[in-house]
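Here's the structure, in structure tokens; my notes come after.
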Amino acid sequence: MPLVLMCGFPCSGKTRRAEELKTYFRENGQKKVEVVGDEALCVDRNSVYEDSQKEKNVRASLKAEVERKINRDDIVILDSLNYIKGYRYELFCLIKHAQTPHCLVYCLTSDEQSSSWNASREAAQQYNKETFEALVQRFEAPDSRNRWDSPLFTVLSDDTLPFEAISEALLNRKAPPPNQSTQSQPLSSSNFLYELDKMTQDVLTAIFNAQKTSVPGDSISVPGATEKISITRSINMAELRKLRRQFISYTKMHPTENTGQIANMFVQYLNKSLL
């Protein structure tokens, strides 16, 4: 079932609006409405939003919780800042993969109003001044022209939520179609993974051994490939393994019917990546 993203400055009324939506849907026959948010994770907002790594971890946890709760029967409301455009896009990809609609509710307030509401909270629930101002500065406002921010419902502090329009967008609209980036691709043959693993490992072994006697500028022949690796610098095994993992991840999503081309594809990938 659908996902509702709350969005807005700190202390802009997102949690109040999320509760209003939850009440509306339950009173109108929706069996279960799940609210996922910072409070459910017991987040210390100042500690988290002052540390980029902690904040990144919290966003990942929220996304994982949303992904876990999305199903055919429930509405999920993500009650968090959701102030980063790229993060909203990640969530859009998630709902495309899950084949469910979504919408975004933008609680639009001025920074002065949000700051006043922040100051009126209990001390333990307040953002400190530096954190609040930093979050307002970093805020990336949603834009309905972006498919990941649409449909967009912008509400001011005194507005009544457009419950019927939100319900229509969530319950009577088709889910966005999946694309290659969100849809798992079938493997092209039963031994594809074996061949992919073996051939790429053989290429790495050949490069590692050849580097013992080669110098920058040499070209290295590798098993199974007609193309050669161009060595422009010394390459350690850790870097080669990282590139191999990246290539394998990409190739699993875009498998080839001709496993004989895997080695050449990997050589081309390495030559571009090692420039």
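The values are calculated or read from the model by the stated rules, or taken from the named source; none is laboratory data. Everything numeric here is computed off the predicted structure, so don't read it as measured data. Glycine gets a Cβ as well: all are built from the backbone with ideal geometry, and neighbour counts include every protein chain shown.
If only one of L91, L62 is within 19 Å of F153 (Cβ to Cβ) and not aromatic (F, W, Y), which one is it?
L91
Which of the residues that make up the range 174-204 are surrounded by 12 or more Cβ atoms within 10 Å (Cβ to Cβ), at pLDDT below 55 and of a type in the set (G, A, S)?
S188, S189
Might you check whether a residue that is among the hydroxyl-bearing types (S, T, Y), touching a helix residue (DSSP H, G or I) at 6+ places or on another chain (Cβ under 7 Å) and farther than 15 Å from S80 by Cα occurs anywhere in the range 141-150?
no
Report, by residue number, each residue of the range 1-53 that is of a type in the set (F, W, Y) and over 23 Å from A123 (Cα atoms).
Within the range 1-53, Y24, F25 qualify.
Could you run through the range 44-58 and say how many residues are of a type outside the set (G, A, S) and out of contact with any helix residue (DSSP H, G or I) (no Cβ under 6 Å at 6 or more places or on another chain)?
Total meeting the criteria: 6.
Determine whether R26 is in a helix (DSSP H, G or I), under 22 Å from L156 (Cβ atoms) and either of a type in the set (F, W, Y) or assigned by TED's automatic domain parsing to the domain that holds R138 (or both).
So R26 fails the test.
For the range 188-209, indicate whether the set of residues that are in a loop (DSSP other than H, G, I, E, B), under 26 Å from H97 (Cβ atoms), touching a residue at least 40 places away in the same chain (Cβ under 8 Å) and not β-branched (V, I, T) is non-empty.
Yes - at least one qualifying residue is present in the range 188-209.
Against the conditions (1) in contact (Cβ under 8 Å) with a residue 60 or more places away in the chain; (2) within 30 Å of L171 (Cβ to Cβ); (3) in a loop (DSSP other than H, G, I, E, B), where does Y127 fall short? Just the number, please.
(2)
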